[in-house]
Amino acid sequence: MKRKLALILAICLVLSFTACSSDKNTTADSLKKEITIVLDWTPNTNHTGLYVAKELGYFDDAGLDVNIIQPPENGATDLVASGAAQYGIDFQEYLAPVFGTDNPLPVIAVAAILQHNTSGIVSLKEKGIDSPVKLEGMRYATWEIPIEQAIIEESITKNGGDFSKISLIPAYVDDIVAALNTDIDCVWIYYGWDGIKLELENIDTNFLYIKDMYDDFDFYSPVIIANTDYIENNPDEAKAFLNAVRKGYEYAAENPKEAADILLKAVPELDSELVHASQEYLSGQYIADAEGWGIIEQARWDAFYKWVNDNGLVEKEIEAGMGFTNDYLNGN
């Protein structure tokens with residue numbers, strides 16, 4: 001009888017400790033600040049650092065419960081501007097009309113995901129498009145965005161070509177391999193994903209980096225943006241978030257295979273071979289030649305927006321230094 005009583009008491013103690021532990025965990029979780037970051041597109045290796053920070057507990061250590069969500073049809077920036085998400089991902093070129101207006105949206109770039117512009121124009125090698133001039137007479141798949149077409153025009157004319165000789169084909173390219181086997185000759189892609197995909201398919205291509213076509217085109221693409229009201233009112237929280245994100249991207253830069261596995265665990269529908277190959281490439285691009293992850297160099301930022309201003313691509317001139325800050329990086 002005594003043994004039975006002792007056993008019952010022991011079980012009660014275990015259950016009591018378990019309940020207390022569970023209550024503590026629940027309380028700890030409830031004390032975390034919920035944060036939302038909205039992606040620019042479906043999850044890919046541009047986003048790996050976020051998933052690493054979540055998986056390895058960097059967000060937990062910062063006292064944050066971070067939700068990573070995909071964008072609505074009108075994109076991440078509008079959602080961040082509305083305050084429905086604290087952070088999002090966008091691109092410097094597409095933020096130009098956001099800042100260059102009498103009523104700029106309340107968003108600001110707070111970190112560069114990649115240090116250099118890895119986008120460019122891809123074509124099948126058999127087309128012979130190995131310089132911007134040779135885009136003449138070719139069929140280019142356009143998103144029909146003024147700033148996009150202006151970048152292509154500048155890239156061609158500054159290299160001695162005639163933009164009017166290009167055929168602009170309105171097209172949304174979801175499958176780059178299929179697109180290049182239709183009536184489209186060239187497409188603007190990001191090498192870290194579609195360029196790697198073409199490599200894996202053993203398709204011979206020519207690739208013209210946008211940053212090499214004209215001096216001012218090494219713009220930041222993509223960047224993390226934040227709601228300006230939010231970060232101004234929550235500076236310590238913003239620093240904690242970006243510090244955790246920085247750790248995630250530093251880990252991805254140093255451990256591409258493990259980082260790719262973390263992304264695949266979070267998004268198992270992605271192609272494993274593509275993710276691993278893409279991660280190997282992008283791991284060298286997150287920090288590259290910068291002093292640290294996320295830093296935005298004002299000279300480069302301003303140079304691109306000066307070009308935007310000079311070409312009348314915005315309603316109102318974007319002032320030097322407008323639209324970005326490094327103040328929340330590295331816990332500064």
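Computed over the chain with a Gaussian network model linking Cα atoms closer than 10 Å, the most mobile of D102, D236, D60 is D102.
With a ≥ b ≥ c taken as the square roots of the eigenvalues of the C-alpha gyration tensor of segment 162-234, please select rounded if a/c is under 1.5 and otherwise prolate if a/b is larger than b/c or oblate if it is not? All intermediate terms of the calculation are to be shown ahead of the outcome.
Numbers: a/c = 2.19, a/b = 1.77, b/c = 1.24.
In terms of gyration-tensor shape, prolate.
Shown in residue order for segment 206-216 are the 3J(HN,Hα) couplings computed by the Karplus curve 6.51 cos²θ - 1.76 cosθ + 1.60 at θ = phi - 60°: 10, 9, 10, 5, 4, 5, 8, 7, 7, 4, 8 Hz (x for Gly and Pro). How much FRET efficiency would the formula 1/(1 + (r/R0)^6) give for D65 and D236, where r is the Cβ-Cβ distance and R0 is 25 Å, rounded to 0.05? My answer for the efficiency is 0.95.
So, counting K/R as plus one and D/E as minus one, what does the shell of residues with Cβ under 12 Å around A303 add up to? Walk me through the numbers on the way to the answer.
Numbers: positive: K211, R300, K306; negative: D215, D216, D218, E297, D302, D310.
So the surrounding residues net to -3.
Across the chain, the mean sequence separation of Cα contacts (distance under 8 Å, 6 or more residues apart), normalised by length, yields a relative contact order of 27 percent.
Protection proxy ranking, highest mean first, for peptides 51-58, 288-295, 179-186, 238-245: 238-245, 51-58, 179-186, 288-295, where packing is the per-residue count of other beta-carbon atoms within 10 Å, averaged. How would you classify the chain from its alpha-carbon gyration tensor, with a ≥ b ≥ c the square roots of the eigenvalues: rounded for a/c under 1.5, else prolate if a/b is greater than b/c, otherwise oblate? Prolate is the answer for the chain, as a/c is 1.5 or above and a/b outweighs b/c. In the chain, helices alone account for a calculated mean residue ellipticity at 222 nm of -12500 deg cm²/dmol, with every DSSP H run of four or more residues adding -39,500 (n - 2.57). For the pair E291 and Y172 in one chain, pulling the backbone fully straight at 0.36 nm per residue adds 39.2 nm over the alpha carbon distance. Measuring spread by the Cα atoms of segment 28-152 yields a radius of gyration and Dmax of 18.6, 62 Å. Listed values for segment 221-238 are Karplus-derived 3J(HN,Hα) couplings in whole Hz (6.51 cos²θ - 1.76 cosθ + 1.60, θ = phi - 60°), namely 7, x, 9, 8, 10, 9, 6, 5, 4, 4, 5, 5, 8, 9, x, 5, 5, 5, and x replaces Gly and Pro. Taking amide H as placed 1.01 Å from N in the peptide plane, the amide H of V107 sits under 5 Å from that of T228, each at least 5 places away or on another chain. Working from label points 7 Å from Cα in the Cα-to-Cβ sense, the D271 to E319 distance is 4.7 nm. Ligands, DNA and RNA are left out, and with a 1.4 angstrom probe the accessible area of the chain is 48 Å² per residue. Here the chain has 49 percent of its accessible surface on carbon and sulfur atoms, given a 1.4 Å probe and all protein chains in place. Computed from the alpha carbon positions, the gyration tensor of segment 277-332 leads to an equivalent ellipsoid with semi-axes of 27, 16, 9 Å, biggest first.
Quick one: grab the alpha carbon gyration tensor of segment 197-328, order the square roots of its eigenvalues as a ≥ b ≥ c, and give me rounded if a/c is under 1.5, else prolate or oblate depending on whether a/b is larger than b/c. Walk me through the numbers on the way to the answer.
Numbers: a/c = 2.31, a/b = 1.23, b/c = 1.87.
Because a/c hits 1.5 or more and a/b fails to exceed b/c, segment 197-328 counts as oblate.
Just add up the charged neighbours of F217: K/R +1, D/E -1, any other residue whose Cβ is under 13 Å from the Cβ of F217.
On the way: positive: K158, K211, R300, K306; negative: E93, E148, E153, E154, D212, D215, D216, D218.
Net of charged neighbours comes to -4.
Each principal axis of segment 38-97 carries a Cα extent, and these read 36, 25, 18 Å when sorted largest first. The HN-Hα couplings worked out from phi for segment 267-277 by the Karplus form 6.51 cos²θ - 1.76 cosθ + 1.60 (θ = phi - 60°) are 10, x, 6, 5, 6, 4, 4, 5, 4, 5, 5 Hz, whole numbers, x standing for Gly and Pro.
The values are calculated or read from the model by the stated rules, or taken from the named source; none is laboratory data. Source: prediction; values computed, not measured. Positions of Cβ are backbone-derived with ideal geometry, glycine not excepted, and every protein chain shown enters the neighbour counts. Remember, those area values only see protein heavy atoms, side chains included, never the ligands or the DNA or RNA. Shrake-Rupley method; radii C 1.70, N 1.55, O 1.52, S 1.80 Å.
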